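**Student:** Below are the structure tokens for one structure; questions will follow.
Please treat every number below as a calculation from the coordinates, not as lab data. Computed from a predicted model, the values in this text were never measured in an experiment.
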Amino acid sequence: TALEENPDLVLLDLLMPGMGGMEVLERLRKSDVGRDMFVIILTNLGDKEKIAEGAQKGAVEYLVKSNFTLDELVGKIQEIGRLRMQW
């Protein structure tokens, strides 16, 4: 899991079997390891309520899959990686 591996960045979908992405994000933010972890929500749910909830819970970016090409996604990840290096 992310809490055991402590990655620099987590790409998190909201629709997952077992536990939803928002719950995963909440658990990350409640832990010492996950509190400052960079999390990008990458999902097909683009409603304003979910976007606001993701921001409120600490996601650094909320991306709707159908709005981004793979190259654009990689560019966003690189951009966030540069921000993390400055952190």
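**Student:** Do you know the relative contact order of the chain, to the nearest whole percent, from alpha carbon pairs under 8 angstrom that are 6+ apart?
**Tutor:** Answer for the chain is 27 percent.
**Student:** Also, I was wondering about something else. What percent do you get for the relative contact order of the range 1-43 when only Cα pairs under 8 Å and 6+ apart count?
**Tutor:** RCO, the range 1-43: 53 percent.
**Student:** When the helix-only estimate is applied to the chain (DSSP H runs of n ≥ 4, each -39,500 (n - 2.57), divided by the residue count), what is the mean residue ellipticity at 222 nm, nearest 500 deg cm²/dmol?
**Tutor:** Here the helix-only value at 222 nm equals -13500 deg cm²/dmol.
**Student:** With the convex hull built on the Cα atoms of the chain, state its orientation-averaged projected area in nm².
**Tutor:** Convex hull of Cα atoms, orientation-averaged projection: 5.8 nm².
**Student:** To continue, here is another question. Mean Kyte-Doolittle of at least 1.0 plus a Cα span of 20 Å or more along the axis: flag which DSSP H helices in the chain meet both, please.
**Tutor:** Taking the DSSP H segments of the chain (at least 20 Å long, mean hydropathy at least 1.0), we get none.
**Student:** Pop out the ³J(HN,Hα) list for the range 37-42 in order, Karplus 6.51 cos²θ - 1.76 cosθ + 1.60 with θ = phi - 60°, rounded to Hz; leave Gly and Pro as x.
**Tutor:** Using θ = phi - 60°, the values come out as 5, 7, 10, 10, 7, 10 Hz.
**Student:** Whole-Hz ³J(HN,Hα) for each residue in the range 4-15, computed from phi via Karplus 6.51 cos²θ - 1.76 cosθ + 1.60 with θ = phi - 60°, x for glycine and proline: what do you get?
**Tutor:** 7, 8, 6, x, 6, 8, 10, 9, 10, 8, 8, 9
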